[in-house]
Amino acid sequence: MQPNKTAIRGALLTFQKDPFFHPMEECLIYKEDAIIVMENGKISAVDDADKLLPTLNDLPIERYTDSIITAGFIDSHVHYPQTEIIASYGEQLIDWLNNYTFIAEQGFKDKDHAKEVAEIFLKEQHRNGVTSSTVFCTIFPQSVDAIFEEAEKYNMRIMAGKVCMDRNAPEALLDTPQKAYDESKALIEKWHKKGRAEYVITPRFIPTSTHEQLEMVGSLAQEFPDTLIQSHVSENIGEIAWVKELFPEALDYTDAYDRYGLLRERAIYGHGVHLTDRELHVLNERGAAVAHCPTSNFFLGSGAFNVNHAKANNRPIKVGLGTDLGAGTSFSILQTMNEAYKAAQMNGSPYSALHTFYLATRGTAEALSLQDKVGTVAVGMEADLAIINLKSTPIIDYRMRYANSLEEALFIQMTLGDDRAISATYIAGNKIYSK
Ligand code: GUN
Ligand code: ZN
């Protein structure tokens, strides 16, 4: 057990508003020398060191020099059962699912296997400063238990759900509309709001759910209006054509979910690379979010989601960042930010390093309606923090000598940094990882 009250000191970077819509000076909080006090899992004080020091008596303070303290990173879209197939060569989405994913996921019928992978997966997230994530499991309820049980050991804010699929997958990975409803409901009753756990209703995507299943899942969502919902939308051109064939009466991919009440606040859809303006309007009206997963989109050849376009003033969409492992190629949110910049360049519409750090923390918290709990370093928020070492490799150390602004320093970190840059990770006030 670590002591109940602890404090850390260093440069602090955090956001209190969305800089895509407000002037940066209203959004950014940057303090060169700050102290953060953590008590009972929450932040009880944050301020400039010279102001807080006289109030702290003999409380020991851990100091992080040449570092930045940020809110812990949040991964808004990730498949833990795909940990064993990261870096599988050569296919685009549908073939990749059939040839790799649907084989690996069958192994999660075995609870011991699921527990082993969940442990490796969470440890790897912590090495990368990820303190919270929204996770796809498999159709097997025991695979959901495994990740919640493992996260509970760290008191980690985790959101996860049983994948629902009743067509277009191997027999061993299919449930039925009723089974999807019953098993998901039992898991909601077991895990939703237990400690820091929350349940996510998880129809995989339109091609793997019949209308009957979507209807059952929609009624479950209505019955439990404060759960999250997650799925995939408009990721890949071939997939979109298939959805059109399977669901000719829907106006488009987004409409196929909308018909079953699956778009709402706290519903988050992976990718959205090819969403039309009509679909963006519907997502805005319903308050649903998109999880931007650039390493995955490049890896599967899906395309480049346009964040600035999604955040257009007349119909803004909430956007979170996600790794989408195992189609995503890195657990590192810094590397995900690096690829997000390249996706923005492909769209001719880049945004700054400060905007990107916002997306990886408070932006993702807002996409999940968690901004009152995590994503910002402020009094009353849960004490989930990541410490970035600004000189983690020889080349980063060298390049930083030529950084003339905070913005430039952050851009160097997100372009060149990875797991080596994370020197410590705090969850609910406990240091659960350090180098
Ligand atoms: N669409 C449906 N399932 C998946 C998945 O597991 N990964 C990705 N990237 N897209 C999907
Ligand atoms: Zn995914």
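The values are calculated or read from the model by the stated rules, or taken from the named source; none is laboratory data. Just so we're clear, the structure is a prediction, and the values are computed from it rather than from any experiment. Cβ placement follows ideal geometry from the backbone for every residue including glycine, while neighbour counts extend to all protein chains displayed.
Taking the listed residues 84, 124, 150, 116, the one that is without any contact (Cβ under 8 Å) to a residue 12 or more places away in the chain, within 24 Å of the chain's Cα centre (by Cα) and assigned to a helix (DSSP H, G or I) is 116, with no other qualifying. If I ask for residues that are within 16 Å of ligand 2 (Cβ to nearest atom) and over 23 Å from the mean Cα position of the chain (by Cα), which ones from the stretch 243-267 would you list? The one that is within 16 Å of ligand 2 (Cβ to nearest atom) and over 23 Å from the mean Cα position of the chain (by Cα): 243. Determine whether the stretch 216-223 contains at least one residue that is in contact with a helix residue (DSSP H, G or I) (Cβ under 6 Å, 6 or more places away or on another chain), within 16 Å of ligand 2 (Cβ to nearest atom) and modelled with pLDDT of 95 or more. Checked against the condition, which is being in contact with a helix residue (DSSP H, G or I) (Cβ under 6 Å, 6 or more places away or on another chain), within 16 Å of ligand 2 (Cβ to nearest atom) and modelled with pLDDT of 95 or more, the stretch 216-223 yields no hits at all. Number of residues in the stretch 31-40 that are farther than 17 Å from residue 62 by Cβ and surrounded by 14 or more Cβ atoms within 10 Å (Cβ to Cβ): the value is 0. Only one entry in 160, 186, 169 is over 15 Å from residue 79 (Cα atoms), within 15 Å of ligand 2 (Cβ to nearest atom) and of a type outside the set (Val, Ile, Thr), namely 169. Among the residues of the stretch 255-277, those identified as within 24 Å of residue 133 (Cβ to Cβ) and among the β-branched types (Val, Ile, Thr) are 268, 273.
Answer yes if at least one residue in the stretch 334-342 is assigned to a loop (DSSP other than H, G, I, E, B) and either away from ligand 2 (no atom under 16 Å from the Cβ) or touching a strand residue (DSSP E or B) at 6+ places or on another chain (Cβ under 9 Å) (or both), and no otherwise.
Let us first name the residues in the stretch 334-342 that are assigned to a loop (DSSP other than H, G, I, E, B), namely none.
The answer is no, given that none of the residues of the stretch 334-342 is assigned to a loop (DSSP other than H, G, I, E, B) and either away from ligand 2 (no atom under 16 Å from the Cβ) or touching a strand residue (DSSP E or B) at 6+ places or on another chain (Cβ under 9 Å) (or both).
So, in the stretch 127-147, of the ones that are within 16 Å of ligand 1 (Cβ to nearest atom) and in a strand (DSSP E or B), which residue ends up farthest from residue 103 (Cα to Cα)? Per the stated criteria, the residue is 133. Starting from residues that are more than 16 Å from ligand 1 (Cβ to nearest atom) and among the hydroxyl-bearing types (Ser, Thr, Tyr), keep the ones in the stretch 329-348 and report whichever is surrounded by the most Cβ atoms within 10 Å (Cβ to Cβ). Ranking the qualifying residues of the stretch 329-348, first place goes to 332.
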